[in-house]
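Enquirer: Here it is: the structure, laid out below.
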Amino acid sequence: MGGLTSTSKGLYNKGKIGMTFKLPPGLALQKVDERIMTLNVGPQHPGSGHMRLIVQIDGDYIVACDPDPGYVHRGEEKMAEYRNYILNIPHLERPVIHDSCNVLYPYVLGSEEILGIEVPERAKYVRVIASELNRCIYIMYWLAIYGIFLGHSTMFMWPAGDRELLIDLMEKMTGARVTHAHFVPGGVRNDLPPNFEDVCLRQVNYFEKRIKEYAAIFYDNPILIARTRDTGILSRQDAIRYGTTGSVLRASGVDYDLRVKEPYDVYEELDVHTNVMKEGDSYARSKIPWLDMLESCNIIRQALQKMPKSGSVRTKLKPNPKGKGLDSVYKRVESGRGSLGCYIVSDGKVEPYRVKLSVPSFRNLIALPNLLRGEKLGNMPSVYWSLNYWPVEADR
Amino acid sequence: MLKDLVTPENANVFVGKLGDILEKAIGKPLGYAINWGRIWSLWPVHIETACCSVEFGAASSPRYDVERFGIIEAFGSLRQCDLVVVQGTITRKMAPRLRLVYDQMPEPKYVIAMGACAITGGLYFDSYNVLPGIDGIIPVDVYVPGCPPRPETLIQGCMLLQEKIKRMKARKFV
């Protein structure tokens, strides 16, 4: 907070403020400190989520914004140090429960390498299907909240309703609605239920047809375009410099998807297309996840076709598996929000020595103060939530 | 006759007695009516504390639609709300804010503790930054177990709360 005040004052003293925020015509910049009002947005606010934004406004324009995350810091990395590799699974998926397969993926890949386990071929395909279904579930929830942030209630109801169909599919597959705990070191917990392939194919085809209708109500809607076009523009250079990932990076024109650049499991055998837009504004950032969902449907269809029809899905572990000695591994995957990394250090005991999650939400949050400077206060929700940010994950 | 009884000195006492008599006479039927009104217009505060908010959001989705039971979607101002659904883990940073939100709400107010974390700390019982349950900071009316609870469970919890309000004594209505 102190840092923020000094920065904004410094900006004013240097007279550079005219470059970064637009004043209505006829208003002079005098007695700057009296004109500035500080607003607390959150944690109790319909437009904030589990975090607080300290926003300084001049009239209707945002002068500075200081995000204050950390309201859901639960010490998951510390807790991982006194649980063994299997017991770590449930609490490491809690940061993003509606994307639980993807958030667990790097941990499982890393611990497999540390424990030295081979994964059966069929399990890899099951993982890809579960991961892509979960990505769709995550993006649908994100889209629902984005709609309600912009005051578009239909866009809350449609994705929230259609999301339940995929949740049913995941429930058939794993037994739980949102917290699946389905990926384990050595494969997946259960084989697919009988007749799952047909049901999944039918459901995914219907889902794809359904989300194409969203274009008419949401993405081609003139009100949405007016509110999101040219707001919060993140240039290609800035997107790379701030270290943003995922849909935010791809909306700024960087062709970067870990499923293509660093394929894990069986992604190199699948044909994955990366969606890129060049604008870098809120509209592009809100459209990229929707295009990703269409791509996910393609991947699921390919995986269902190429999957071995029978075989084991899990390599059995010995009780209390141990690492081979001093060892460390860093694995990352493309989650619903961007590249999600997990760094595991083992010292040969049953518990990992250190588990560090490198989460995409926190990386995308770094860009927020720069995107909001000079915007109108009314554009704050559309810019903030277009960053594909989930506060619980950022706080870990 | 009434004029002789009431003097400026004992007017307050007299009005108080009158209130008591009124409450005894019509307290029960009027209280029932007031409680009936409270039951079908519970306004939750929009305070998301942890990951259970995903299932809280799903409870207002078209499939579950908690609004048909009289729980309105959480978009109102804090000063109009009368229900706090504590959606999961309360950390040491969030706890003062939760208490502040609770204190700012007008009476009557009800609390639902949603999820294992809000009840006992749940999965994070041994974490250094998590409170072992919220009943240390605010009084809880209904506990909804689960990690996270399904939307059906949350709806059942809301209906239990409505049952509880129906049997409560409506105070401070005159």
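Enquirer: How big is the range B:39-167 by Rg and Dmax over its Cα atoms, in Å?
Expert: Gyration radius and largest Cα-Cα distance of the range B:39-167: 13.5, 40 Å.
Enquirer: For the range A:163-245, what is the convex hull volume of its Cα atoms per residue in Å³?
Expert: On the way: hull volume 14.1 nm³, N = 83.
Convex hull volume per residue, Cα atoms: 170 Å³.
Enquirer: If every alpha-carbon in the range A:50-119 counts as one equal scatterer, what log10 I(q)/I(0) does Debye give at q = 0.27 1/Å?
Expert: Reported log10 I(q)/I(0), two decimals: -1.22.
Enquirer: For the range B:35-79, what does the relative contact order come out to in percent, with C-alpha contacts under 8 Å and a separation of six or more?
Expert: Worked out over the range B:35-79, it gives 56 percent.
Enquirer: When the Karplus curve 6.51 cos²θ - 1.76 cosθ + 1.60 is applied with θ = phi - 60°, which whole-Hz ³J(HN,Hα) does each residue of the range B:120-127 get, with x for Gly and Pro?
Expert: 10, x, x, 5, 9, 4, 10, 7
Enquirer: Using only Cα atoms and rounding to the nearest 10 degrees, what angle (0 to 90) does helix A:121-149 make with the longest principal axis of chain A?
Expert: Value to nearest ten degrees: 20.
Enquirer: What does the charge count around B:Gln87 come to, taking other residues whose C-beta lies under 12 Å from its C-beta (Lys +1, Arg +1, Asp -1, Glu -1)? Intermediate results must be reported in sequence, preceding the final value.
Expert: On the way: positive: none; negative: B:Glu48, B:Glu55.
Summing Lys/Arg as +1 and Asp/Glu as -1 gives -2.
Enquirer: Continuing with this model, one more query. What's the magnitude of the charge dipole for chain B around its Cα centre, counting Lys and Arg as +1 and Asp and Glu as -1 at the beta-carbon? Answer in Debye, nearest 20.
Expert: Approximately 300 debye in magnitude.
Enquirer: With n ≥ 4 as the cut-off for DSSP H runs, can you work out [θ] at 222 nm for chain B, using -39500 (n - 2.57) per run divided by the number of residues, rounded to the nearest 500?
Expert: It comes out at -13000 deg cm²/dmol, rounded to the nearest 500.
Enquirer: Among A:Ser235, A:Ser111, B:Ser61, A:Ser286, rank each residue by its count of other Cβ atoms within 10 Å, from fewest to most, as a rough exposure measure.
Expert: The fewest-first ordering by Cβ neighbours comes to A:Ser235, B:Ser61, A:Ser286, A:Ser111.
Enquirer: Can I ask one more? Work out Dmax and Rg for the protein assembly as shown from the C-alpha atoms and quote the Rg first, both in angstrom.
Expert: In order Rg, Dmax, the Cα atoms of the protein assembly as shown give 26.5, 99 Å.
Enquirer: Mind pulling the angle between the C-alpha long axis of helix B:151-167 and the longest principal axis of chain B? Nearest 10 degrees, somewhere in 0 to 90.
Expert: Tilt of helix B:151-167: around 20 degrees.
Enquirer: Which angle from 0 to 90°, rounded to the nearest 10, does the C-alpha axis of helix A:196-212 make with the longest principal axis of chain A?
Expert: Once rounded, the angle reads 20 degrees.
Enquirer: Calculate the length of the line joining the C-alpha centroid of the range B:32-67 to that of the range A:334-396, in whole Å.
Expert: When both Cα centres are located, 29 Å separates them.
Enquirer: Percent relative contact order of chain B, based on C-alpha pairs within less than 8 angstrom and at least six residues apart?
Expert: Details: 262 pairs, mean separation 40.3, N = 174.
Relative contact order, chain B: 23 percent.
Enquirer: Using the Cβ atoms and a cut-off under 13 Å, what net charge is assigned to the surroundings of B:Arg150, where Lys and Arg are +1 and Asp and Glu are -1?
Expert: Net charge around B:Arg150: -3.
Enquirer: Another one. Can you give the alpha-carbon Rg of the range A:76-370 over 2.2 N^0.38 Å, where N counts its residues? Don't jump to the answer; show the numbers that get you there.
Expert: Working: Rg = 19.2 Å, N = 295, 2.2 N^0.38 = 19.1 Å.
For the range A:76-370, the normalised Cα radius of gyration comes out at 1.01.
Enquirer: Quick one: A:Leu372, B:Leu78, A:Leu340, fewest Cβ neighbours within 10 Å first, how do they rank? Kindly include the intermediate steps, with their values, before the conclusion.
Expert: Working: A:Leu372 24, B:Leu78 18, A:Leu340 30.
So the ranking, lowest neighbour count to highest, is B:Leu78, A:Leu372, A:Leu340.
Enquirer: While we're on this one: Over chain A, what is the mean sequence separation of C-alpha contacts under 8 Å (at least six apart), divided by residue count, expressed as relative contact order in percent?
Expert: Rounded, it is 25 percent for chain A.
Enquirer: Right, here's the next one. Of all beta bridges DSSP finds with both residues in chain B, what is the antiparallel percent, to the nearest 5?
Expert: 10 percent
Enquirer: Let me ask another. Mind sorting A:Glu351, A:Glu334, A:Glu118, A:Glu93 by how few other Cβ atoms lie within 10 Å of their own Cβ, fewest first? Please report the intermediate quantities before stating the final value.
Expert: Working: A:Glu351 19, A:Glu334 28, A:Glu118 9, A:Glu93 25.
The most exposed by this proxy come first: A:Glu118, A:Glu351, A:Glu93, A:Glu334.
Enquirer: Give, as a single signed number, the net charge of other residues whose beta carbon lies under 13 Å from the beta carbon of A:Val108, with Lys and Arg counted +1 and Asp and Glu -1.
Expert: Values: positive: A:Lys124, A:Arg127, A:Arg189, A:Arg314, A:Lys331, A:Arg332; negative: A:Glu93, A:Glu112, A:Glu113, A:Asp265.
In short, +2.
Enquirer: Just from its helices, what would the mean residue ellipticity at 222 nm be for chain A, if runs of 4 or more DSSP H residues each count -39500 (n - 2.57) and the sum is divided by every residue, rounded to the nearest 500 deg cm²/dmol? Can you show the working numbers first?
Expert: Numbers: 18 runs with 184 residues, N = 396.
That comes out to -13500 deg cm²/dmol.
Just so you know, all these numbers are worked out from the coordinates, no wet-lab data involved. Computed from a predicted model, the values in this text were never measured in an experiment. Cβ sites come from the backbone with ideal geometry, for glycine too, and all protein chains shown count toward neighbours.
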